[in-house]
1. Kindly check whether there is at least one residue in segment 151-158 that is surrounded by 14 or more Cβ atoms within 10 Å (Cβ to Cβ), touching a strand residue (DSSP E or B) at 6+ places or on another chain (Cβ under 7 Å) and not in a loop (DSSP other than H, G, I, E, B).
2. All but one of (1) open to solvent by 30 Å² or more (accessible area, probe 1.4 Å); (2) touching a helix residue (DSSP H, G or I) at 6+ places or on another chain (Cβ under 6 Å) hold for Gln137; which doesn't?
3. Here are Ile52, Ile34: which of them is surrounded by 13 or more Cβ atoms within 10 Å (Cβ to Cβ), out of contact with any Leu (no Cβ under 7 Å at 6 or more places or on another chain) and without any contact (Cβ under 8 Å) to a residue 24 or more places away in the chain?
4. Go over the candidates Tyr106, Tyr43 one by one and state the one that is open to solvent by 50 Å² or more (accessible area, probe 1.4 Å) and of a type in the set (Phe, Trp, Tyr).
5. I need the full set of residues from segment 94-134 which are assigned to a strand (DSSP E or B) and not small (Gly, Ala, Ser), in order please.
6. Kindly check whether there is at least one residue in segment 158-166 that is of a type in the set (Val, Ile, Thr) and modelled with pLDDT of 95 or more.
7. Kindly list, by first and then second residue, each pair from a residue in segment 72-100 that is more than 19 Å from Thr35 (Cα to Cα) to a residue that is in a loop (DSSP other than H, G, I, E, B) and open to solvent by 40 Å² or more (accessible area, probe 1.4 Å), limited to pairs with Cβ atoms under 6 Å and residues at least 6 apart or on different chains.
8. For residues that are open to solvent by 10 Å² or more (accessible area, probe 1.4 Å) and within 14 Å of the chain's Cα centre (by Cα), scanning just segment 109-118, find the one that is farthest from Pro58 (Cα to Cα).
Amino acid sequence: MGTSKSFVKLGSQPLIEIVIQKVTDFFHKQPVLITNQFADYRYLGCDMVGDIIQGKGPLGGIQAGLIKSVTPYIFVFACDMPFIDKTLVHYMLNRLGREDILIPRYGTRMEPLHAIYSKRCLPAITAHLDNDRRSVQSFFDEVNVVYIDQAEMNRLQVPEYCFLNINTREELDNAKAYLDNLRS
C-alpha cells in the first residue's frame, strides 16, 4: 500500500477510525489498541498497549493484548477489516463457552484477526513466539479452538465482505465499490 494501512482512507475516514467507531458502538466502550507507534494513534483517545516481544507481528499483538487484559477473553479485530458485522460480533459473544479460541471460518478460510481469544492461550503463544513461530495459527492445535462455520454465518446473513482485508490498492478499490453499493 505504500503507507500504514491504518491510515488509508475508505470514504472520508482512515480504516483505523472506522474500525474503532464500530467496535466502540458494539461494546459501548473504547477499545484497546495494540500498537508500537503510540504517537501516531494518540489522537484516537484509546488505551494503547505495545508488544511485549517486538517484531513478532499479529501473534505478538495478540499476546500483548491477552497479557494486558483485565478480562479472561479478548475480541481481536484487524485494523484493515472495516466491514465488521454487528450481528456476527454479538452472536460470537453469546455463543462463547469454555473454548480457548472462537473463530469464524468462511469456507476454508479462517479469520484469526476477527476472533475471541482466552488467556489460556498465553503459554502456547509465548512458546511459539520464543521459537520465532509467528503465524497466528501456529499454536491452534495446542488449544481448544471452536469454529463458527459458514452455515452458521449464512443463517445469520453475515455478508462475506465483513472479512474483507484491505492489503492492496485493488482491495481498497473493491471496498470503495462495495461501500458505494451499500449507500445506493
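1. Taking every residue of segment 151-158 in turn, at least one turns out to be surrounded by 14 or more Cβ atoms within 10 Å (Cβ to Cβ), touching a strand residue (DSSP E or B) at 6+ places or on another chain (Cβ under 7 Å) and not in a loop (DSSP other than H, G, I, E, B).
2. Looking at each condition in turn, Gln137 falls short on (2).
3. Answer to the selection: Ile52.
4. Tyr43
5. Residues satisfying the conditions are Ile101, Leu102, Ile103, Pro104, Arg105, Tyr106, Arg109, Met110, His114, Ile116, Tyr117.
6. Applying the first criterion (of a type in the set (Val, Ile, Thr)) to segment 158-166 yields 158, 166.
With the extra rule that they be modelled with pLDDT of 95 or more, the set shrinks to none.
Looking through segment 158-166, none of the residues is of a type in the set (Val, Ile, Thr) and modelled with pLDDT of 95 or more.
7. Close Cβ pairs satisfying both conditions: Thr87/Leu156; Tyr91/Leu156; Glu99/Asn144; Asp100/Asn144.
8. Restricting attention to segment 109-118, the residues satisfying the condition of being open to solvent by 10 Å² or more (accessible area, probe 1.4 Å) are 109-113.
With within 14 Å of the chain's Cα centre (by Cα) added as a condition, the list becomes 110-113.
Details: Met110: 15, Glu111: 12, Pro112: 9, Leu113: 8 Å.
Looking at residues that are open to solvent by 10 Å² or more (accessible area, probe 1.4 Å) and within 14 Å of the chain's Cα centre (by Cα), I get Met110.
The values are calculated or read from the model by the stated rules, or taken from the named source; none is laboratory data. It should be emphasised that the depicted structure is a prediction, and the values quoted were computed from it without experimental measurement. Reconstructed Cβ throughout: ideal geometry from the backbone, glycine too, with neighbour counts over all protein chains shown. Side chains included, ligands, DNA and RNA excluded: accessible areas come from the protein's heavy atoms. Shrake-Rupley method; radii C 1.70, N 1.55, O 1.52, S 1.80 Å.
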